[in-house]
Amino acid sequence: MGYAIAEELANHGAEVILVSGPTHLEVLNPLIAKISIQTAQEMYDECVKYFSGCDVAVMSAAVADFKPEVQFDKKIKRAKDNMQISLSPNKDIAAELGIMKNKDQILVGFALETNDEIENAKIKIKNKNLDFIVLNSLNDKGAGFGHDTNKISIIDNKNNLTKFDLKSKNDVAIDIVKILIGKFEK
């Protein structure tokens, strides 16, 4: 989804910085500068580094909320005893950018929800100082991960809700960018 949005923004003439985790996807447009990262911490660092110079930040990456407290550089062999893994929270990138955001910047979040979707998305808008949020529901067939399609709803910070039909991720990117352009025209 992030690559489709980056391509659509670049097609409209935007200079795009795409911070991306490991993927097979390639950048096609020369207006897109791709920064490859491996960890949630690296994504946080890069997003914070570039945000002050951006007009818009679209936070479409599905960064894990937690990480293992201890990481190993070698395979852990099977043992007879159970193994427990302790987790600690990753930094909340969107929330941090929401704190940093100035009045002229637009911050777009994404939410993947399984229950109380709209209410949970509205809470994220407020808590993270988002201008709008793109809501995905795992309850919608063909939406979310592992598909070339998506079905979204967009909720803005004034609680306006726009629902979209299932469509290709490229068409979803067009819908998202249209909403972004509308924010600049106001």
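Non-local amide H neighbours of L18 (under 5 Å, H modeled in plane, Pro and chain starts lacking H): which ones?
Answer set, sorted by chain and number: A33, K34, I35.
Taking the Cα centre of the chain as the origin, how large is its charge dipole in debye, to the nearest 20, when only Lys and Arg (+1) and Asp and Glu (-1) carry charge on their Cβ atoms? Could the numbers behind the result be given before it?
On the way: 24 positive and 27 negative charges, 87 e Å.
So the magnitude is around 420 debye.
Run the helix sum for the chain: -39,500 (n - 2.57) per DSSP H stretch of 4+ residues, divided by residue count, reported at 222 nm to the nearest 500 deg cm²/dmol. Walk me through the intermediate numbers first.
Numbers: 5 runs with 59 residues, N = 186.
Rounded to the nearest 500, it is -10000 deg cm²/dmol.
Assuming 0.36 nm per residue, please report the length gained on full extension of the stretch N115 to V70 beyond their Cα-Cα distance.
Stretched out fully, the N115 to V70 stretch lengthens by 13.1 nm.
For a bin width of 5 Å, list the pair-distance distribution of segment 84-186 built from all Cα-Cα distances, rounded to whole %.
2, 12, 21, 21, 20, 13, 6, 2, 1, 0, 0
Need the full-extension length gain, N127 to N82, defined as separation in residues times 0.36 nm minus the C-alpha distance. One decimal, nm.
Computed gain between N127 and N82 is 12.4 nm.
Place +1 on the Cβ of every Lys and Arg and -1 on the Cβ of every Asp and Glu in segment 40-119, take the dipole about the Cα centre, and give the residue among F72, V56, N90 whose Cα lies farthest towards its positive end.
Comparing the listed Cα positions along the dipole, F72 ranks first.
Taking the chain as a Gaussian network, Cα atoms linked when under 10 Å apart, which of V108, V58, V27 shows the biggest mean-square fluctuation?
V27
Please give the peptides 99-107, 66-74, 41-49 ranked by average Cβ packing (other Cβ atoms within 10 Å per residue), highest first, as a rough proxy for protection.
Per-residue Cβ counts within 10 Å, averaged per peptide and sorted highest first, yield 41-49, 99-107, 66-74.
Considering only K77, K151, K34, give the residue with the highest GNM mean-square fluctuation for the chain, with springs between Cα atoms whenever their separation is below 10 Å.
Taking springs between Cα atoms under 10 Å, the residue moving most is K77.
Pairs of alpha-carbon atoms within less than 8 angstrom and 6+ residues apart define the contacts here; what relative contact order does segment 15-85 have, in percent?
24 percent
Under 8 Å for C-alpha pairs, at least 6 residues apart: give me the relative contact order for the chain, rounded to a whole percent.
17 percent.
In nm, what is the difference between 0.36 nm times the number of residues separating L138 and L25 and their Cα-Cα distance?
Length difference between fully extended and current span is 38.4 nm.
Step through the table entries K34/K124; K103/K158; K101/K151, compare each Cα-Cα distance with 24 Å, and write down the pairs that go over it.
From K34/K124; K103/K158; K101/K151, over 24 Å: K34/K124; K101/K151.
Largest first and to the nearest Å, give the Cα extent of segment 1-57 along each principal axis.
30, 29, 17
As a test of understanding, state the convex hull volume per residue of segment 67-132 from its alpha carbons, in Å³.
In segment 67-132, the Cα convex hull volume per residue is 141 Å³.
So what J values fall out for segment 11-19 if you push phi through Karplus, 6.51 cos²θ - 1.76 cosθ + 1.60 with θ = phi - 60°, rounded to Hz, Gly and Pro as x?
4, 8, x, 6, 8, 10, 9, 9, 8
Of K122, K141, K80, which has the largest mean-square fluctuation in a 10 Å C-alpha GNM of the chain?
Result for the chain, Cα springs under 10 Å: K80 fluctuates most.
Restricted to Cα positions, what overall size does segment 1-138 have along the principal axes? Three whole-Å values, descending.
58, 37, 28
Rule-based calculations on the coordinates, nothing more; no lab input. Note that this is a predicted model, so its numbers are computed, not measured. Every residue, glycine as well, gets a Cβ built from its backbone with ideal geometry; the counts of neighbours run over all protein chains shown.
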